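Below is one structure, written out as structure tokens; comments come after it.
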Amino acid sequence: MLAGKHIVLGITGGIAAYKAATLVRLLVKAGAEVQVVMTPNARQFITPVTLSTLSGKPVISEFFTANTGQWNSHVDLGLWADAMIVAPATASTIAKMATGVADNMLVTTYLSAKAPVFVAPAMDLDMMRHPSTVRNLELLRSYGNHIIEPAAGELASHLVGKGRMEEPENIVRVINDFFEQSAQLAGKRVLITAGPTVEKIDPVRFISNFSSGKMGFALADECARRGAQVTLVTGPVAINARQPGVERIDVVSADDMCKAVARHMADAQVVILCAAVADYKVAVMSEKKIKREKDEAPVLQLVKNPDIARMVGEQKRPGQVTVGFALETDNEEVNALGKMERKKLDMIVLNSLRDKGAGFQTHTNRVTIYHRNGDVIAGECKAKTEVAADIVEEIVKMLK
């Protein structure tokens with residue numbers, strides 16, 4: 001899968017930089033074209049001559065070539081790459097990537113990269129565990145970067161613990177698997193709902209919920225990354241899809257979302273209902289702002305919104321995969337399984353507001369996936385981008 005791929009390999013100033021020589025050799029052997037970008041400190045650990053010889057390309061380290069004044073364009077590099085790997089990634093570079101400190105060629109290339117980015121941390125035990133490093137890695141994950149977790153073992157300080165850069169052979173395997181996944185949903189149409197719905201009470205007030213849309217957008221990006229044509233029907237949110245190939249349809253109310261899903265579901269091989277749809281709306285919206293000065297508080301008469309999941313289940317055609325979500329606060333498993341049965345879903349993803357790091361307005365989530373055939377996959381708390389990858393992997397299995 002790496003044959004013909006353009007790989008930017010960023011190397012930073014850590015003792016694990018010596019492994020970069022093997023990484024370059026393996027990537028080239030697999031048929032990839034490799035452009036090495038080094039930080040100035042990285043040259044203290046491994047020479048550009050070694051890396052240039054292995055890659056067959058001059059190594060880039062500075063914005064300008066010293067003897068000719070030639071400008072090295074980080075924008076062109078970012079557009080050229082099919083993937084960018086930062087290995088080893090020191091605590092300093094991770095912090096700069098997380099916060100956008102573009103003071104060297106590697107970080108500016110990262111900020112210009114349109115391709116997926118893989119980060120292989122390498123540092124000492126205490127640095128790896130420091131809250132700032134943990135937070136910076138969480139930020140990178142939330143941006144959609146792929147973190148290749150370091151291994152545990154003896155470190156440069158002779159301490160023993162997590163911090164050793166993953167071996168080059170395993171890094172190449174991760175990149176190869178990524179490109180294999182990118183074709184898994186080729187030719188498939190996927191319909192996804194995301195975000196909250198907004199049900200107006202009067203011209204200035206509404207009924208809604210705390211959904212940020214992050215989980216739904218992560219699913220849209222993951223499906224598009226695997227080659228699908230994605231239609232994303234979203235309520236009002238302040239985020240955007242990162243992947244090309246995502247057609248966005250903005251809606252406001254549950255009625256709007258229901259109509260959009262009804263229009264597009266017939267063409268979809270997969271329907272993922274991730275939106276937090278309001279169950280109720282006011283029977284009659286006031287055309288004027290309801291004034292507080294009245295002696296009695298207004299009484300809002302509520303009526304049920306359309307049940308989008310039930311509609312999808314009833315209209316589902318043979319071979320179409322339908323996936324729902326259940327956000328619960330109690331009796332989680334019973335409620336989720338009951339919803340899957342009532343809505344005739346093939347799979348339901350459960351998360352609980354009682355789990356730390358799960359639910360609305362977070363970068364992370366913890367879910368349990370239930371299949372109609374009885375299979376159960378319990379996940380750990382991780383970035384929503386990683387949770388999305390787990391969910392889509394289960395969908396791919398069902399399609400097979």
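The values are calculated or read from the model by the stated rules, or taken from the named source; none is laboratory data. Predicted, not measured: the structure shown is a model, and the values here were computed from it. We place every Cβ from the backbone using ideal geometry, glycine too, and count neighbours over all the protein chains shown. When the accessible area is computed, the model is the full protein with side chains, heavy atoms only, and any ligands, DNA or RNA have been set aside. Shrake-Rupley method; radii C 1.70, N 1.55, O 1.52, S 1.80 Å.
Think of each Lys and Arg Cβ as +1 and each Asp and Glu Cβ as -1; about the Cα centre, that makes the dipole of the chain roughly 560 debye. Need one number: nm distance between label points at A283 and L337, each 7 Å from Cα along Cα→Cβ, rounded to one decimal. Each label point is offset 7 Å from its Cα along the Cβ direction, giving 3.8 nm.
Surface exposure of the chain, expressed per residue as accessible area with a 1.4 Å probe, stands at 48 Å².
Hey, what does the equivalent ellipsoid look like for region 323-400, semi-axes from the Cα gyration tensor as sqrt of 5 times each eigenvalue, largest first, whole Å? Don't skip to the end; give the middle numbers.
Details: eigenvalues 73, 53, 16 Å².
So the three semi-axes of region 323-400 are 19, 16, 9 Å.
Each of M347, G235, L140 was placed along the dipole of the chain (beta-carbon charges, centred on the mean Cα), and the one lying farthest toward the positive end is G235. Under 5 Å between amide hydrogens, built in the peptide plane, is the criterion, and for A32 it picks out G4 among residues at least 5 positions away or on other chains. The GNM of the chain, with springs linking C-alpha atoms under 10 angstrom apart, assigns the highest mean-square fluctuation among V174, V119, V36 to V174.
For V174 and A102, FRET efficiency with R0 = 25 Å and r from the beta-carbon atoms, rounded to 0.05? Don't skip to the answer; put the middle values down first.
Numbers: r = 26 Å, r/R0 = 1.04.
Result of the calculation: an efficiency of 0.45.
For a straight C-alpha distance cut-off of 27 angstrom, the lysines reachable from K397 (same-chain residues fewer than eight places away being disregarded) are K5, K188, K214, K316, K339, K343, K344, K382, K384.
Tell me the trypsin sites (Lys or Arg not before Pro) within region 286-316 that lie in a loop according to DSSP and have at most 14 other beta-carbon atoms within 10 Å.
Working: sites: K288, K289, K291, R292, K294, K304, R310, K316; in loops: K288, K289, K291, R292, K294, K316.
In loop regions of region 286-316 (DSSP not H, G, I, E or B), the sparsely surrounded trypsin sites (Lys or Arg not before Pro) are K288, K289, K291, R292, K294.
Near V36: Cβ cut-off under 14 Å, other residues only, Lys/Arg at +1 and Asp/Glu at -1. The net charge is +2. Its Cα centre serving as origin, region 264-400 has a Cβ charge dipole (Lys and Arg +1, Asp and Glu -1) of approximately 420 debye.
What is the chain's relative contact order, in percent, from Cα pairs under 8 angstrom and six or more apart in sequence? Working shown, then result.
On the way: 857 pairs, mean separation 43.7, N = 400.
The value is 11 percent.
With a Förster radius of 41 Å applied to the beta-carbon distance between E393 and Q301, the computed FRET efficiency rounds to 0.35.
Listed values for region 273-281 are Karplus-derived 3J(HN,Hα) couplings in whole Hz (6.51 cos²θ - 1.76 cosθ + 1.60, θ = phi - 60°), namely 9, 9, 5, 9, 7, 4, 6, 10, 9, and x replaces Gly and Pro.
Could you work out the local net charge near T108, counting Lys and Arg as +1, Asp and Glu as -1, over the other residues with Cβ closer than 13 Å to its Cβ?
Working: positive: K96; negative: E62, D76, D103.
After counting each charged neighbour, the total is -2.
May I ask you to give the percent of accessible area on the chain that is carbon plus sulfur, with a probe radius of 1.4 Å? The C+S portion of the solvent-accessible surface of the chain is 52 percent. Computed from backbone phi with θ = phi - 60° and the Karplus coefficients 6.51, -1.76 and 1.60, the 3J(HN,Hα) list for region 162-169 is 6, x, 6, 4, 4, 5, x, 4 Hz; x is used for glycine and proline. Using R0 = 25 Å, the C-beta based FRET efficiency linking E167 and S132 works out to 0.40. Among the DSSP beta bridges whose two residues both lie in region 37-186, what percent are antiparallel, rounded to the nearest 5? Within region 37-186, antiparallel bridges account for around 40 percent of the total.
In this structure the amide hydrogen of R248, modeled in the peptide plane, comes within under 5 Å of the amide hydrogens of L232, none closer than 5 places in sequence on its chain. Rounded to the nearest 20 debye, the dipole magnitude of region 292-362 is 360 debye, with +1 charges on Lys and Arg beta carbons, -1 on Asp and Glu beta carbons, and the Cα centre as origin. Local charge for T364 was computed over the other residues whose Cβ lies under 11 Å away, with Lys and Arg +1 and Asp and Glu -1, and equals +2.
Inter-label distance, I249 to M1: 3.1 nm, where each label sits 7 Å from its Cα along the C-beta direction. Within the chain, antiparallel bridges make up roughly 30 percent of the DSSP beta bridges whose residues both belong there.
Is it possible to state the helix-based mean residue ellipticity at 222 nm for the chain, with each DSSP H run of 4+ residues giving -39500 (n - 2.57), the sum divided by total residues, to the nearest 500 deg cm²/dmol? What is it? Show your work: numbers first, answer last.
Working: 13 runs with 132 residues, N = 400.
Taking each H run of at least 4 residues, the total per residue is -9500 deg cm²/dmol.
At 20 °C and 1.002 mPa s, grab the translational diffusion coefficient of region 107-243 from Stokes-Einstein with a Kirkwood Rh over Cα pairs, rounded to a whole number in µm² per second. Don't skip to the end; give the middle numbers.
On the way: Rh = 17.9 Å.
This corresponds to a translational diffusion coefficient of 120 µm²/s.
Taking chymotrypsin sites (Phe, Trp or Tyr not before Pro) across region 1-90, the ones in a DSSP loop with at most 15 further Cβ atoms lying within 10 angstrom of their Cβ are F63. Along region 317-326 the Karplus relation, 6.51 cos²θ - 1.76 cosθ + 1.60 evaluated at θ = phi - 60°, assigns HN-Hα couplings of 9, x, x, 7, 9, 10, 10, x, 10, 10 Hz to successive residues, with x for each Gly and Pro.
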